[in-house]
1. Scan the stretch 32-55 residue by residue and report those that are more than 15 Å from the chain's Cα centre (by Cα) and either surrounded by 12 or more Cβ atoms within 10 Å (Cβ to Cβ) or not in a loop (DSSP other than H, G, I, E, B) (or both).
2. Read through the list (1) in a helix (DSSP H, G or I); (2) surrounded by fewer than 14 Cβ atoms within 10 Å (Cβ to Cβ); (3) in contact with a strand residue (DSSP E or B) (Cβ under 6 Å, 6 or more places away or on another chain), then give the number of the only condition that GLY83 fails.
3. Return only the number of the condition from (1) assigned to a helix (DSSP H, G or I); (2) within 15 Å of the chain's Cα centre (by Cα); (3) farther than 17 Å from PHE114 by Cβ that ARG90 does not satisfy.
4. Do the conditions hold for SER58, that is, is it surrounded by 16 or more Cβ atoms within 10 Å (Cβ to Cβ), in contact (Cβ under 8 Å) with a residue 40 or more places away in the chain and of a type in the set (Ser, Thr, Tyr)?
5. From the list LEU103, LEU65, pick out the single residue that is surrounded by fewer than 18 Cβ atoms within 10 Å (Cβ to Cβ), in contact (Cβ under 8 Å) with a residue 40 or more places away in the chain and closer than 24 Å to SER37 by Cα.
6. Got a number for residues in the stretch 43-88 being acidic (Asp, Glu) and either in contact with a Cys (Cβ under 7 Å, 6 or more places away or on another chain) or modelled with pLDDT under 90 (or both)?
7. How about the stretch 75-110: which of its residues are under 12 Å from MET62 (Cβ atoms) and of a type in the set (Ser, Thr, Tyr)?
8. Do you know which residues across the stretch 93-123 are part of a strand (DSSP E or B) and not hydrophobic (A, V, I, L, M, F, W, C)?
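The values are calculated or read from the model by the stated rules, or taken from the named source; none is laboratory data. All values reported here derive from a predicted model rather than from experimental measurement. Don't worry about glycine lacking a Cβ; one is built from the backbone with ideal geometry, like all the others, and counts go over all protein chains shown.
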Amino acid sequence: MRFQRSLAFVFPRIRNKFQSQASRYFSSQLESEQRSSFGIAFDIDGVILRGRDPIGGSPQAMRRLYGDSGNLNVPFLFLTNGGGVPESKRANELSEQLGVKILPSQVLQGHSPFKSLSERYLL
């Protein structure tokens, strides 16, 4: 909640666009009768991974977010202030490391919210 408030104050357009994209993604991934009333945002470095290695039971925890049929039961995304690679590459790496399918739309890096601004304000 504190994160949302700070984004609302500083970057209202970015916040609205991100919320809209996340909402569409999670709505499409969850069947209507199985929609969760909450979602989870995970930090990557030091929480899910240490370097390239999963920490503790993080792969098992990720698998628990999916149902037996492989459908997503609890919406989640990854937040990191790291960057330097496209979200698609980071999603592929996380998929391999954690053993679950991670989509690029589930990865929000430090530079991600500014992509749309670069198109708008590029000289």
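1. At the first step, the residues of the stretch 32-55 found to be more than 15 Å from the chain's Cα centre (by Cα) are 32-37, 46, 50-55.
Passing the criteria: SER32, GLU33, GLN34, ARG35, SER36, ARG50, ASP53, PRO54, ILE55.
2. Here GLY83 clears every test but (1).
3. So ARG90 meets the others, but not (3).
4. Details: surrounded by 16 or more Cβ atoms within 10 Å (Cβ to Cβ): yes; in contact (Cβ under 8 Å) with a residue 40 or more places away in the chain: yes; of a type in the set (Ser, Thr, Tyr): yes.
Yes.
5. Values: LEU65 fails: in contact (Cβ under 8 Å) with a residue 40 or more places away in the chain.
From the options LEU103, LEU65, the qualifying one is LEU103.
6. Initially, the stretch 43-88 is screened for residues acidic (Asp, Glu), giving 43, 45, 53, 68, 87.
Now narrow it down to the ones that are either in contact with a Cys (Cβ under 7 Å, 6 or more places away or on another chain) or modelled with pLDDT under 90 (or both): 68.
Final tally of qualifying residues: 1.
7. Scanning the stretch 75-110 gives a single hit, SER95.
8. First pass over the stretch 93-123, keeping only residues part of a strand (DSSP E or B): 107-109.
Listed by number, the list holds a single entry, GLN109.
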